[in-house]
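The values are calculated or read from the model by the stated rules, or taken from the named source; none is laboratory data. Please read these numbers as outputs of a predicted model, since none were measured by experiment. Here Cβ is always computed from backbone atoms with ideal geometry, including for glycine, and neighbour counts include all displayed protein chains. For the accessible areas, the whole protein counts, side chains as well, though only heavy atoms, and no ligand, DNA or RNA atoms are used. Shrake-Rupley method; radii C 1.70, N 1.55, O 1.52, S 1.80 Å.
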Amino acid sequence: MDVIKEIIQNSAIGPYSNWSKGLVLSLFTSIVCTLMIMLVLLFATIPQNVQYGY
């Protein structure tokens, strides 16, 4: 936990208040979770016999 606090303190959001840090981190987490869900859905819906070629 100390490593995460130091990374946040030395980053661009370091001087902001705690609620704005939380808002930025929750926004980042929601974007990453959305991308992971989209990746799982993409892999779940592709056909098994994909043919590459022209």
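Converting phi to 3J(HN,Hα) with the Karplus coefficients 6.51, -1.76 and 1.60 and the offset θ = phi - 60°, the stretch 44-54 yields 6, 9, 6, x, 6, 9, 7, 10, 9, x, 9 Hz in sequence order, with x at every glycine or proline.
The modelled label-to-label distance for the pair residue 49/residue 12, using points 7 Å beyond Cα in the direction of Cβ, is 4.9 nm.
Ignoring any ligand, DNA or RNA, what whole percent of the accessible area of the chain comes from carbon and sulfur when the probe is 1.4 angstrom?
71 percent
Heavy-atom accessible surface of the chain, averaged per residue, reaches 98 Å², computed with a 1.4 Å probe.
Only one of (1) -0.54, -0.67, -0.96; (2) -0.43, -0.60, -0.92; (3) -0.60, -0.75, -1.04 was calculated from the structure for log10 I(q)/I(0) by the Debye sum over Cα atoms at q = 0.15, 0.19, 0.27 Å⁻¹, and its label is (3).
Extending 7 Å from the Cα toward the beta-carbon at both residue 1 and residue 40 defines two label points whose distance is 2.7 nm.
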